[in-house]
Each structure stands twice: as C-alpha cells, then as structure tokens.
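What follows is one structure encoded as structure tokens, with my remarks underneath.
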Amino acid sequence: MSKQELERIDDLGMAAWDNHTPDAFADLFADEFVLRDTTLPEPLDTVYEAVAYAQSWFTAFPDMHVRTANRVVGEDSVAAEIEFTGTNTGPLVMGGMELPPTGRSVVVRGSYFARVKDGKVTEFSSHPDAAGLMMQLGLLPAG
C-alpha cells in the first residue's frame, strides 16, 4: 500500500472525528477488525461497537476538535500523536463506567496505531492520556 493511500485513510479517520461522524469512522474498518483503547475494558470488533465508541466521545465532548501533531507512515500502518480539545458537557464513558459531565474544558494528547490491509483498517489501538484527562476534569488530583 502506498504512503499516500495510508495518509488518505488516516486523514479520513481524523475528519470523521473532527466532524463528529461515527459512521464515517466505522466505515474505515475491514469486515474483521479489532479496536483497542486503553480506556476500554475489552477490545471492540463490530461496526456497531466502533460507532458507539466514537459517539461516546462526541457525546462527552460535543465541541471536540482534533488535530494531528505528528504522524509516521509505514508499509501497512500509520501511527500518530493527536491533540483534542473540548468541553465535557455530556456523560463520559471510560473504563466501563459512566462519569457525569464536569463542564470543564480540556486539551488532551494521545496516540494511536492503525494497521491497514486492502484499504481497510484491521487493527486500531488508541492510547489517550486518560490520567491527564481525568486531572483536567477535576476527577484526579493534579500533580
């Protein structure tokens, strides 16, 4: 797979998050895939779960914006460091628990790794800075 094609797929994923379109995010996945996130108790492997995963973040942060800070493209994979901003005005699902909205604004960094085969994502691993997020939301003591 070409570097340009991997970048195009990654750009589509970032646009899906920035535009709050969970179906567009889920459309990037192959028929068989696994999605892991350090804030989830179990991996996800269905389109329904991928849509619900993205929607849960959009519900928690309805004004979320994302941007790529760094990106590395390999032969069949892409990894990126991202930053998202938003205000927590909806319930946040994290670690299998639902946390009430705090009304606080956040700037959170994270990273992800995606493996692509035949133009579709087969593996996606997300590593948001959960501790930093919790501190900014006032749910963990800072420093």
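Please determine, by comparing only the residues of region 15-38 that are touching a strand residue (DSSP E or B) at 6+ places or on another chain (Cβ under 6 Å) and in a helix (DSSP H, G or I), which one is farthest from residue 74 (Cα to Cα). Reasoning before the result, please.
Residues of region 15-38 that are touching a strand residue (DSSP E or B) at 6+ places or on another chain (Cβ under 6 Å), as a first pass: 17-18, 28-30, 33-38.
Add one more test, that the residue is in a helix (DSSP H, G or I), and what stays is 17-18.
Working: 17: 22, 18: 24 Å.
Per the criteria, the residue is 18.
Can you tell me which residue within region 116-130, out of those that are open to solvent by 50 Å² or more (accessible area, probe 1.4 Å) and not basic (Lys, Arg), is nearest to the chain's Cα centre (by Cα)? Among residues in region 116-130 that are open to solvent by 50 Å² or more (accessible area, probe 1.4 Å) and not basic (Lys, Arg), the one nearest to the chain's Cα centre (by Cα) is 127. The lone criterion from (1) acidic (Asp, Glu); (2) surrounded by 13 or more Cβ atoms within 10 Å (Cβ to Cβ); (3) part of a loop (DSSP other than H, G, I, E, B) left unmet by residue 49 is number (3).
List the number of the failed condition for residue 67; all other conditions in (1) modelled with pLDDT of 95 or more; (2) open to solvent by 30 Å² or more (accessible area, probe 1.4 Å); (3) outside any strand (DSSP E or B) hold. Result: residue 67 passes all but (3). Applying the criterion of being open to solvent by 30 Å² or more (accessible area, probe 1.4 Å) and assigned to a helix (DSSP H, G or I) to the residues of region 131-143, the residue that is nearest to residue 102 (Cα to Cα) is 136. Among the residues making up region 91-115, those that are in contact (Cβ under 8 Å) with a residue 12 or more places away in the chain and over 17 Å from the mean Cα position of the chain (by Cα) are 99, 101, 102, 103, 104, 105. Listed conditions (1) under 16 Å from residue 118 (Cβ atoms); (2) without any contact (Cβ under 8 Å) to a residue 60 or more places away in the chain are all met by residue 49, apart from (1).
Residue selection: residue 77 fails the criterion of being small (Gly, Ala, Ser) and open to solvent by 70 Å² or more (accessible area, probe 1.4 Å). Of all residues in region 60-79, those that are within 15 Å of residue 126 (Cβ to Cβ) have Cβ atoms under 6 Å from Cβ atoms of residues that are among the β-branched types (Val, Ile, Thr) and not in a loop (DSSP other than H, G, I, E, B), 6 or more apart or on another chain, in 66/82; 68/82; 79/72.
Checked against the criterion of being open to solvent by less than 30 Å² (accessible area, probe 1.4 Å) and farther than 16 Å from residue 132 by Cβ, the candidates 24, 54, 15 yield just one match: 54.
The values are calculated or read from the model by the stated rules, or taken from the named source; none is laboratory data. This one's a predicted model, so the numbers in the text were calculated from it and none came from an experiment. Counting neighbours? That spans all protein chains shown, and the Cβs are built from the backbone with ideal geometry, glycine included. Surface areas here come from the heavy atoms of the whole protein model, side chains and all, with no ligands, DNA or RNA. Shrake-Rupley method; radii C 1.70, N 1.55, O 1.52, S 1.80 Å.
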